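To start, the structure itself, in structure tokens.
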Amino acid sequence: LELTGCKKVTGAGLALLAALTALEHLTLRWCAVITDTGLARLKPLTALRHLDLMGCGEVTDAGLDNLSEMKSLKQLFLAHSETTGTGRLFLRQALGECTITPDP
């Protein structure tokens, strides 16, 4: 599912995606209104392997904690977010085999 540049995707909208438990790929690139709280609503997506949050400027290290239990993630894009190397390193340790861009 690709929602690149959708300026109206909010945390409430992400809650609707929670029903798509078989979803493997989700692109929210340049969706500026995605926040740390909104990321918590993605937890039910247990089959998610690819998540693109590039350009989601309101995503910080606090939001990465919401992704730390998503063990199915294999690829995560965080470029142009407010995450730090420390936060990305924490997430890499939690997720193991997940490739995180940019690399911590």
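The values are calculated or read from the model by the stated rules, or taken from the named source; none is laboratory data. Values in this document were obtained by computation on a predicted structure and should not be read as measured data. Positions of Cβ are backbone-derived with ideal geometry, glycine not excepted, and every protein chain shown enters the neighbour counts. For accessibility, only protein heavy atoms count, side chains too; no ligands or nucleic acids. Shrake-Rupley method; radii C 1.70, N 1.55, O 1.52, S 1.80 Å.
Just a few scattered comments:
- Residue ID - most open to solvent (accessible area, probe 1.4 Å), chosen from residues in region 71-104 that are of a type in the set (A, V, I, L, M) and more than 16 Å from M54 (Cβ to Cβ): L89
- For region 5-40, the set of residues classified as within 10 Å of C56 (Cβ to Cβ), open to solvent by less than 20 Å² (accessible area, probe 1.4 Å) and touching a strand residue (DSSP E or B) at 6+ places or on another chain (Cβ under 7 Å) consists of L28, I34, listed by residue number.
- Checked against (1) closer than 26 Å to T86 by Cα; (2) open to solvent by 30 Å² or more (accessible area, probe 1.4 Å), D52 passes all but a single condition, namely (2).
- Single match in T46, T21, T86 (criterion: assigned to a helix (DSSP H, G or I), without any contact (Cβ under 8 Å) to a residue 60 or more places away in the chain and among the hydroxyl-bearing types (S, T, Y)): T86
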